[in-house]
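Since every read-out is calculated from the coordinates, none of them should be taken as a lab result. Just so we're clear, the structure is a prediction, and the values are computed from it rather than from any experiment. In this analysis, Cβ positions are derived from the backbone assuming ideal geometry, glycine residues included, and neighbour counts consider all displayed protein chains.
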Amino acid sequence: MEYIDLKQCILEDNEQMADQVRKLAAEKKFFLWNIMSSPGAGKTTFILSVLDRLGSGFRIGVIEGDIESTVDSQKMQTRGVPVVQLRTGGDCHLDAPMIMKALEKLPLDELDIVIIENIGNLVCPAEFDLGADLPSMLLSVPEGDDKAIKYPLMFSVCRALMVTKIDCAPYFDFDFDALARNVGALNSSLRIFPLSARTGEGMDDFCRYLAGLVSEKITRK
Ligand SMILES: Nc1nc2c(ncn2[C@@H]2O[C@H](COP(=O)(O)OP(=O)(O)OP(=O)(O)O)[C@@H](O)[C@H]2O)c(=O)[nH]1
Ligand SMILES: [Mg+2]
C-alpha cells in the first residue's frame with residue numbers, strides 16, 4: 001500500500017516557501033510581521049493604531065488576508081499605505097505561497113515593515129510558517145484568559161502576545177495572572193503586552209518594542 005501523508009506534504013511545501021520569503025525579506029531588508037487572532041479580536045483596529053504611531057517613522061505596507069471582502073484593506077487605504085488584499089475564497093489561514101504572491105505586488109524597496117493581518121482563526125494560521133520576523137497574536141479580553149490552554153499551538157509559535165480591549169476589563173472576569181501562568185507554561189519567551197487600541201493605553205509601550213526590533217533589522221541595510 002502506498003501511503004501519502006498529505007498534511008505533511010503541504011506543511012513541507014509551505015516551509016520551503018517560508019524559507020524563500022525569509023530570504024527575500026533579508027535581501028530587501030524589510031521586517032515581516034504576522035498578526036493572528038480569532039475573528040473580531042481587534043487586528044484591524046490595532047494595525048490602524050500602529051500605523052498612526054509608527055507611520056511617520058517607518059515606511060509600512062500591509063497584506064490583508066480574508067475569506068471574502070475588501071473591508072479591512074479599505075480601512076488601511078485611509079492611512080495611505082500600500083495594501084494587498086488576499087481573498088482565499090474559503091481557506092481559513094494564509095500560507096507562505098500566498099504571502100510570496102502578495103509581496104510581489106508591494107514596493108519592497110521602499111518599505112521597512114510589511115504587516116500581515118492573517119485570517120481570523122486561532123487554529124489553522126498557527127500551523128503555517130509565513131517566514132515572518134515576528135509571528136504574533138492578539139487576544140482580546142472578552143475572549144477569556146483560558147485560550148492558551150485551549151489553543152496551545154497558537155501561543156507556542158508566537159513571540160509577542162498583545163492582550164487587547166483592556167478598556168473592557170471592568171465588564172469581564174479576565175484574570176491576567178492566570179493568563180501569564182498558562183502562557184508561561186507553554187512558551188516562556190512570549191512577550192505579553194496589555195493594551196487597548198480604543199483608548200491607546202499600552203500602545204506606546206508596544207510600539208517601542210516593535211520599533212526596536214525593526215530598527216535592529218533595517219539599520220543593517
Ligand atoms: N472596546 C474596544 N473595542 C475594540 C478594541 N479594538 C477593537 N475593538 C472593536 O472590536 C471590533 C472588531 O475589531 P476589528 O479590528 O475589526 O477586529 P479584527 O480582528 O480585525 O476582525 P476580523 O478581521 O473580522 O477577524 C470592532 O467593533 C472594534 O471597534 C479595543 O481595544 N477596545
Ligand atoms: Mg480585520
Item to check | Phe46 of a type in the set (Phe, Trp, Tyr), under 19 Å from Leu122 (Cβ atoms) and surrounded by 14 or more Cβ atoms within 10 Å (Cβ to Cβ) | outcome: yes
Counting only residues that are more than 11 Å from the chain's Cα centre (by Cα) and more than 16 Å from ligand 1 (Cβ to nearest atom), region 29-60 contains a total of 10
Cβ pairs under 9 Å, 6+ apart or interchain, first in region 196-216 and at positive phi, second part of a helix (DSSP H, G or I) and among the hydrophobic types (A, V, I, L, M, F, W, C), ordered by first then second residue, are Gly202/Ile166
Filtering region 188-217 down to residues that are surrounded by 17 or more Cβ atoms within 10 Å (Cβ to Cβ) and either within 16 Å of ligand 2 (Cβ to nearest atom) or of a type in the set (S, T, N, Q) (or both) yields Ser196, Ala197
Apart from one, (1) in a loop (DSSP other than H, G, I, E, B); (2) surrounded by 13 or more Cβ atoms within 10 Å (Cβ to Cβ) all hold for Asp173; the odd one out is (2)
Against the definition (surrounded by fewer than 19 Cβ atoms within 10 Å (Cβ to Cβ), closer than 23 Å to Leu138 by Cα and within 16 Å of ligand 2 (Cβ to nearest atom)), how does Gly55 come out, yes or no?
no
If we keep only residues of region 4-14 that are part of a helix (DSSP H, G or I) and either within 22 Å of Val71 (Cα to Cα) or among the acidic types (Asp, Glu) (or both), then the residue farthest from ligand 2 (Cβ to nearest atom) is Glu12
